[in-house]
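Every number here is computed from the coordinates shown, using simple stated rules; none is lab data. Since the model is a prediction, treat every value here as computed from it, not as a measurement. Backbone-built Cβ (ideal geometry, glycine too); neighbour counts: all protein chains shown.
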Amino acid sequence: MHADRAVVGAGPGLGQLLPNRAVRLAVYAADWRAAVRAAGSALVHVGATTERYAEEMVAVVEQLGPYIVIAPGIALAHARPSQEVFRPALSWVGLRTPVSFGHDTNDPVRVVIALAATDVTSHVTALRTLAGLLEDSARRQALLSAPHATAVRSIIARFEARRRR
């Protein structure tokens, strides 16, 4: 499979949802809004969403607070499935300088992962899989310090291979 194509269907893996071109590292963001927009921009870049979807993700945090900061140093930006999403996808944005989202225990954020889903089932499935990926502290640290897109995708591939066993 070509690395820049996401598989649409009943449960594509994280590696399938995260094209190489959607992984960006050493991104400058002045604040959490800019960090979420950068992750949204990566989704637009791979043809998964409109630019409006990034604003929907920002609005979620403005309305519900920093619950998207799901692990130390990691935020999972997402919004409800909408017409702004063309296909399921993830983006991964490593920040040059960590930013605060206002979370009591998991700030500052070093990585923003954005999730775009076309339906509630795939949205929940992807959230659950991402939670599994990030629950192991050693794997989380490796992801936070990954030096390039290939390293991020390799860690995810190893996680998914273990889950299939």
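Structure notes:
- The relative contact order of the chain comes to 26 percent, based on Cα pairs under 8 Å that sit 6 or more residues apart.
- Highest-fluctuation residue, D107, D31, D136 considered, GNM on the chain with Cα pairs under 10 Å: D136
- Inter-part distance where segment 105-165 and segment 21-75 are each reduced to a Cα centre, Å: 15 Å
- Cα pair distances of the chain binned at 10 Å [whole percent]: 11, 45, 38, 6, 0
- Rounded to the nearest 500, the 222 nm mean residue ellipticity of the chain from helices alone is -13500 deg cm²/dmol, with -39,500 (n - 2.57) taken per DSSP H run of at least 4 residues.
- Antiparallel beta bridges, as assigned by DSSP with both residues in the chain, represent about 55 percent of the total such bridges.
- Going by neighbour counts of Cβ atoms within 10 Å, the residues E56, E51, E62, E160 line up, fewest first, as E62, E51, E160, E56.
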